[in-house]
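Written below as structure tokens is the structure these notes are about.
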Amino acid sequence: IDRKKAYQIFGSTGAQIGKVNGLAVLGEGSGIITPIEVGVANSSSKSHGNVIATGKLGEIAKESISIVSSLVKRYTNKDLSNFDITIQFLQAYEGVEGDSASVSVATAVISALEEIPIRQDIAMTGSLSVRGDVLPIGGVSAKIEAAVESGMKEVVIPYSNKDDVYVEKSKKEQINIVPVKRLEDILSYVLITNKNSDFIKKLKKLQESLG
């Protein structure tokens, strides 16, 4: 609980570019907020860009970064070889295992590249396929409880996990649970931008092309 309370120094209001509230499960099975921050700069190399992830990452988590990189290029139409992207996992006390941070990383990177702020009263969890489908993850109930205890108003989870939620009624009433199927569903929900912006139009075209 002390670790969850420590998160309060980051705040859970307003909006920020390149920062998202991810969720993880600690070794003892309790959930925790893991803020993820992304910085983007012009590439230091003329031939290629770099994606650097800091924090204790397990092998599967490293693989998920690769999937995210290919998705980001597709969603932004930007040539990632022109950028150096730094992904920082904050409060990753016991390391980041698995790929349940994929949606958080993708959202933060896209926010940084497009310079569109993300709502900070939302936490999220979910794995991603190479097509942008949001895939199920473990520990969804513990993660939702962590979001509640950290003062989040909403939590984004995979649609396929919606029937796996077992949270006390008193806690469930304190938060809006948002099940999603696709990455573009998340982006449309958490990014603060004009509905007629070029990026939102791009998302709609992508949704239409996928049916």
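The values are calculated or read from the model by the stated rules, or taken from the named source; none is laboratory data. Because the structure is a prediction, the values reported are computed rather than measured. We place every Cβ from the backbone using ideal geometry, glycine too, and count neighbours over all the protein chains shown.
Just to verify a result, which residue in region 55-74, among those that are at pLDDT below 85 and in contact with a helix residue (DSSP H, G or I) (Cβ under 7 Å, 6 or more places away or on another chain), is surrounded by the fewest Cβ atoms within 10 Å (Cβ to Cβ)? Within region 55-74, the match that is surrounded by the fewest Cβ atoms within 10 Å (Cβ to Cβ) is S69. Can you find even one residue in region 124-131 that is touching an Asp or Glu at 6+ places or on another chain (Cβ under 6 Å), surrounded by 20 or more Cβ atoms within 10 Å (Cβ to Cβ) and at pLDDT below 95? Scanning region 124-131 turns up at least one residue that is touching an Asp or Glu at 6+ places or on another chain (Cβ under 6 Å), surrounded by 20 or more Cβ atoms within 10 Å (Cβ to Cβ) and at pLDDT below 95. Filtering region 173-198 to residues that are over 29 Å from A24 (Cα atoms) and either part of a loop (DSSP other than H, G, I, E, B) or touching a residue at least 60 places away in the same chain (Cβ under 8 Å) (or both) leaves N194, K195, N196, S197.
All conditions in (1) surrounded by fewer than 21 Cβ atoms within 10 Å (Cβ to Cβ); (2) more than 22 Å from K143 (Cα to Cα); (3) at pLDDT 90 or above hold for S43, with the sole exception of (3).
What residue, of K201, K195, K205, K171, is over 20 Å from K19 (Cβ atoms), among the basic types (K, R) and surrounded by 13 or more Cβ atoms within 10 Å (Cβ to Cβ)? Lay out the reasoning, then the answer.
Details: K201 fails: surrounded by 13 or more Cβ atoms within 10 Å (Cβ to Cβ); K195 fails: surrounded by 13 or more Cβ atoms within 10 Å (Cβ to Cβ); K205 fails: surrounded by 13 or more Cβ atoms within 10 Å (Cβ to Cβ).
Every option except K171 fails the conditions.
Do the conditions hold for S170, that is, is it over 13 Å from I122 (Cβ atoms) and without any contact (Cβ under 8 Å) to a residue 12 or more places away in the chain? Taking the combined requirement at face value, the residue satisfies it. Of the residues in region 75-95, not one is modelled with pLDDT of 80 or more, in contact with a strand residue (DSSP E or B) (Cβ under 9 Å, 6 or more places away or on another chain) and assigned to a loop (DSSP other than H, G, I, E, B). Listed by first and then second residue, the pairs linking a residue in region 106-131 that is at positive phi to a residue that is in a helix (DSSP H, G or I) and modelled with pLDDT under 95, with Cβ atoms under 7 Å apart and 6 or more places separating them unless they lie on different chains, are G126/S102; G126/V103.
Is it fair to say P158 is surrounded by fewer than 17 Cβ atoms within 10 Å (Cβ to Cβ), closer than 30 Å to K169 by Cβ, of a type outside the set (K, R) and in contact with a helix residue (DSSP H, G or I) (Cβ under 9 Å, 6 or more places away or on another chain)? If you could, list the steps in order and put the result at the bottom.
Working: surrounded by fewer than 17 Cβ atoms within 10 Å (Cβ to Cβ): no; closer than 30 Å to K169 by Cβ: yes; of a type outside the set (K, R): yes; in contact with a helix residue (DSSP H, G or I) (Cβ under 9 Å, 6 or more places away or on another chain): yes.
For P158, the condition - surrounded by fewer than 17 Cβ atoms within 10 Å (Cβ to Cβ), closer than 30 Å to K169 by Cβ, of a type outside the set (K, R) and in contact with a helix residue (DSSP H, G or I) (Cβ under 9 Å, 6 or more places away or on another chain) - is not met.
A single entry from I137, I110, I118, I157 fulfils the requirement of being under 15 Å from G14 (Cα atoms) and under 14 Å from the mean Cα position of the chain (by Cα): I118. Checked against (1) more than 30 Å from G151 (Cβ to Cβ); (2) of a type outside the set (D, E); (3) modelled with pLDDT of 90 or more, S111 passes all but a single condition, namely (1). Out of the residues in region 11-40 meeting the condition of being of a type outside the set (D, E), over 16 Å from the mean Cα position of the chain (by Cα) and within 15 Å of E145 (Cβ to Cβ), tell me which one is modelled with the highest pLDDT. Across region 11-40, the extreme among qualifying residues is S30. The single condition among (1) more than 22 Å from S129 (Cα to Cα); (2) surrounded by fewer than 16 Cβ atoms within 10 Å (Cβ to Cβ); (3) touching a strand residue (DSSP E or B) at 6+ places or on another chain (Cβ under 8 Å) that K153 does not meet is (2).
Whether a residue is farther than 22 Å from D133 by Cα, modelled with pLDDT of 65 or more and not in a loop (DSSP other than H, G, I, E, B) was assessed, and I52 passes this test. Examine region 157-165 for a residue that is within 16 Å of V68 (Cβ to Cβ), at pLDDT 95 or above and not polar (S, T, N, Q), and state whether such a residue exists. So far as region 157-165 goes, yes, one or more of its residues are within 16 Å of V68 (Cβ to Cβ), at pLDDT 95 or above and not polar (S, T, N, Q).
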